[in-house]
Amino acid sequence: MDRPAGGAYSLKQRLLAALLGAIALVWLATAVYSYFDARHEIDELLDAHLAQSASLIVAQVAHELEEIDTEHAPQLDKRGRGVVFQIWERGVTLRLRSANAPRERLAAREEGFSDVTMDGRGWRVFSGWDAKRRYLVQVAERNSVRREIAQGIATNLLAPLLLALPVLGLFVWFSIARALGPLRALGRQVEERKPDNLGALAVDNAPAEVAPLVHSLNALFERVGRLIESERRFTADAAHELRTPLAALQTQAQVARGAGEDGERRHALDNVIAGCDRATRLVEQLLTLARLEPGLPGGLAEPCDLRALAQRTIAELAPAALSRKVEIELAEGGSARTEGYPDLLAILLRNLVDNSIRYCPAGGTVRVEVAGADDTASITVMDNGPGIPAEERAKVGQRFYRILGTEESGSGLGLSIVRRIAEIHRAAVSLGDGPGGKGLRVTVTFQGGRS
């Protein structure tokens, strides 16, 4: 596997460290537990051995002690140095002891077990009398012997770990490398792709853990493909739509240059200025639509007062309505709020009101209504213009689509922008007849609004 770049970490190394660390920790905990458990079991076993040894000595001491002419028994095994015994007559006179036993009493206690310290070492002592209570027998074992046995058990448990961990590490390393093979293959598949190849990645041999990543990448490729295709279509449509006003500008400029009279020249120049205005509006709408296309705008959504927004929009477009002799009004009502992006909502409302003003005849009326309920808010713009036939309403939201026979200049982008902004706000756009069945009514309904 390639070495991780920069500050990236190795998944293989992390898994290996985690697994081996967990195994070593569990093994160590087992050894510690086994050590203390062995100490307990060994203590009980050796205590029983001490008691049994004392019982055997007591059983023999009565009829054999008189035949022994030495004060101490011979040392037969070097390992026996960890065990000593004494026989006291009446608990006062030392009659017999092991070679390594001291001359003083091993323990002051005369019955049962006791722990004593002799020469800086700890001993476990069992004391007991014979049946006639003539002879006191004391058998002792050095505590270090017990510890050595328990430590030997713990060492035997830990020793294999020193060999097992490297072997297990190699096994885990190769197992993880094999398990991560699909990820490496996926990385190579993506790296070797051509920039224009946005086809789906193969998921046939992908394990269950990698499949969600592959599906997410395929979904991303699909979205990027749709976005690129949309950009291509947008560029082609924009070039087509800009060609007409630019050609008109060129024609009018040529007329102005060849005009022999001032009136004719002035008329041609007025047409150039009007064409520039139309081209400017088209470019602005194209830029707006291009900015909206990639996805959500930057920043956070915030509470928006739709009535205040409508008042500002009407005030902004009032001169245009006045110049076309169109009355524009805001219906009375309470406030309505929704979570959204104020700048985009202003563009949405401006396009709706501007479209109504453009297509409304002189003397017509454009009415804006704002309404709010418990969980919805809406903006409605209606006019008494020519309206849109029912069979055409599904198409008018498409880019650059204009109804045949329309005399008013336009780009066919206004309602496309409205629909895109509505999508960003998860709002619904509906078209219907205006007041009295004449004109057009456009309603944008926002969910989660409040009055």
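The values are calculated or read from the model by the stated rules, or taken from the named source; none is laboratory data. These figures come from a predicted structure and were not determined experimentally. We place every Cβ from the backbone using ideal geometry, glycine too, and count neighbours over all the protein chains shown. With ligands, DNA and RNA removed, areas are computed over all heavy atoms of the protein, side chains included. Shrake-Rupley method; radii C 1.70, N 1.55, O 1.52, S 1.80 Å.
The table below gives the values:
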item: Residue, modelled with the lowest pLDDT, within segment 208-236, restricted to residues that are open to solvent by less than 50 Å² (accessible area, probe 1.4 Å) and touching a helix residue (DSSP H, G or I) at 6+ places or on another chain (Cβ under 9 Å); result: PHE234
item: Residue check for LEU19: under 14 Å from LEU165 (Cβ atoms), in contact with a helix residue (DSSP H, G or I) (Cβ under 8 Å, 6 or more places away or on another chain) and at pLDDT 80 or above; result: yes
item: Among (1) of a type in the set (A, V, I, L, M); (2) part of a helix (DSSP H, G or I); (3) surrounded by 13 or more Cβ atoms within 10 Å (Cβ to Cβ) - the single one LEU198 does not satisfy; result: (2)
item: Strands (runs of 3 or more DSSP E) enclosed by segment 99-186 - at least 2 residues per element that are among the basic types (Lys, Arg); result: 121-129
item: Unique match (being aromatic (Phe, Trp, Tyr) and within 41 Å of the chain's Cα centre (by Cα)) among TYR359, TYR341; result: TYR341
item: Test: residue in segment 88-102 that is surrounded by fewer than 11 Cβ atoms within 10 Å (Cβ to Cβ) and among the hydroxyl-bearing types (Ser, Thr, Tyr); result: yes
item: Subset of segment 106-121 (residues that are touching a strand residue (DSSP E or B) at 6+ places or on another chain (Cβ under 7 Å) and either surrounded by 14 or more Cβ atoms within 10 Å (Cβ to Cβ) or aromatic (Phe, Trp, Tyr) (or both)); result: LEU106, ALA107, ARG109, GLU110, PHE113, SER114, VAL116
item: Enumeration of residues in segment 132-177 that are polar (S, T, N, Q) and open to solvent by less than 20 Å² (accessible area, probe 1.4 Å); result: GLN138
item: Qualifying residue in segment 396-413 (condition: in contact with a strand residue (DSSP E or B) (Cβ under 9 Å, 6 or more places away or on another chain), assigned to a strand (DSSP E or B) and at pLDDT below 85); result: no
